[in-house]
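For reference, the structure is listed below as structure tokens.
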Amino acid sequence: MWLSEFEIVLRDRVIPSGAVRIESDRIAEIRDAPVENADIVGGGRLLLPGFIDMHGDMVEREVEPRIGVHVPMKIGIAELDKKLASCGVTTAYAALSFIGASVTSGVLRSEGHTSAIIETIDGLRGELLVDHRIHARFEVTYTPAIAVLQKLMDAGKLHLISLMDHTPGQGQYRDVELYIARIAKERGMSVAEASEIVGHRIAGREGQGDVLNALQDLSARAHASGVVLASHDDDTLEKVELVHGLGARLSEFPVTLEAAQEARRLQMHTVMGAPNALRGQSYSGNLSARQAYEAGLLDMLASDYHPASILPATLGLAELSEGGLVAAVALTSANPA
């Protein structure tokens, strides 16, 4: 099958009007000029590599579209699969949290519920349009999840683990008052109630003591299983150095420019959200993806929570550097690959 008259973005150049031949579901040939009698005529439209989305946490909201309202997992996952495909995503890392049951998220992010989502995705692989991988979001304050993660790694069902600490007062939620207001709004509770919940979370983190040994153990197990480690919401040079020492090779959503610079110095790859890049700002007031890109500190672009943002964000970034489409498209294809 021939596709002709497309503006084709390759890893090293752009073909203004070329053609691609598909054979047995694979790219068999690329030409620098159009061909006659093509099966599909692009009329100058862009032809891009499929997007590889390293972090998309949409699954949780597909299976629980409203708080406490659960839909069958198979239906939620199948619907998300279609959305991802329509947005150009061909490989999707489902970012699923292991944080334990809580007042704010209920059982949605408990290890039992998250494990059930993973098993459902695994059981649907032959029916889905997109190649779905599993990205386990491990909350470092919830060490009981390590045993569950180990079982999943042993079964070959995990492909990426990110080390997260969402305790208010650091990381993504450095502004505690802003976080309290957000919780109150999202959960339909008073500021006083939200403040009490946040206070308990901070106290719980302080009561955890040193979690470094647990993280070192998890890091060693991940390395032995061939599972990539990522850090999350790095906000200080010290944190970047710590997670790098644990074996993290990705820095997801660095909070500050300094953290992104340190990650680059340590040869870690940075990942930022497409909604951030599209809007030009982080919803929580942290580092702008555009700023990181212009500084040469952005390696990958992920959907985060909104896959429809990937394409327009990529096209927007293409206008910000001399690398143009080639450099911007690499953020969602060649670089994560």
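The values are calculated or read from the model by the stated rules, or taken from the named source; none is laboratory data. As the structure is a prediction and not an experimental result, all values here were calculated from the model. Note that we place each Cβ from the backbone using ideal geometry, even for glycine, and neighbour counts take in every protein chain shown.
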Out of the residues in the range 261-272 that are without any contact (Cβ under 8 Å) to a residue 40 or more places away in the chain and of a type outside the set (A, V, I, L, M), state the one that is surrounded by the fewest Cβ atoms within 10 Å (Cβ to Cβ). 267
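Among the listed residues 79, 36, which satisfies the condition of being charged (D, E, K, R), over 25 Å from residue 323 (Cα atoms) and in a loop (DSSP other than H, G, I, E, B)?
36
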Candidates 278, 317, filtered to the one that is in contact with a strand residue (DSSP E or B) (Cβ under 8 Å, 6 or more places away or on another chain) and in the same structural domain as residue 133 (by TED's automatic domain parsing): 317
Working carefully through the options 43, 50, find the one that is touching a strand residue (DSSP E or B) at 6+ places or on another chain (Cβ under 9 Å) and either charged (D, E, K, R) or in contact (Cβ under 8 Å) with a residue 40 or more places away in the chain (or both). 50
What's the total number of residues in the range 292-312 that are under 15 Å from residue 327 (Cα atoms) and part of a loop (DSSP other than H, G, I, E, B)? 5
Just name the residue that is nearest to residue 300 (Cα to Cα) out of those in the range 235-260 that are free of Cβ contacts under 8 Å to residues at least 60 places away in the same chain and either in contact with a Pro (Cβ under 9 Å, 6 or more places away or on another chain) or part of a strand (DSSP E or B) (or both). 251
Quickly run through the range 1-33 and pick out the residues that are in a strand (DSSP E or B) and aliphatic (A, V, I, L, M). 3, 8, 9, 14, 15, 19, 20, 22, 27, 28, 30
Which pairs have Cβ atoms under 6 Å, sit 6 or more apart or on different chains, and link a residue in the range 81-99 that is farther than 13 Å from residue 161 by Cα to one that is of a type in the set (D, E, K, R) and at pLDDT 95 or above? 89/53; 91/131; 92/53
Looking at (1) at pLDDT 95 or above; (2) in a strand (DSSP E or B), can you tell me which one residue 97 breaks? (1)
Identify, by number, the condition in (1) part of a helix (DSSP H, G or I); (2) touching a residue at least 24 places away in the same chain (Cβ under 8 Å) that residue 315 doesn't meet. (2)
Where residues in the range 319-337 are of a type outside the set (Val, Ile, Thr) and in contact with a Pro (Cβ under 8 Å, 6 or more places away or on another chain), which of them is surrounded by the most Cβ atoms within 10 Å (Cβ to Cβ)? 333
Take residue 195 and tell me if it is assigned to a helix (DSSP H, G or I), over 30 Å from residue 68 (Cα atoms) and either at pLDDT 90 or above or over 23 Å from the mean Cα position of the chain (by Cα) (or both). no
Tally of residues being in a helix (DSSP H, G or I) and in contact (Cβ under 8 Å) with a residue 24 or more places away in the chain across the range 126-167: 9
Has the range 10-26 got any residue that is assigned by TED's automatic domain parsing to the domain that holds residue 229 and over 17 Å from the mean Cα position of the chain (by Cα)? no
Of everything in the range 274-296 that's in contact with a helix residue (DSSP H, G or I) (Cβ under 7 Å, 6 or more places away or on another chain) and in contact (Cβ under 8 Å) with a residue 60 or more places away in the chain, which residue is surrounded by the fewest Cβ atoms within 10 Å (Cβ to Cβ)? 284
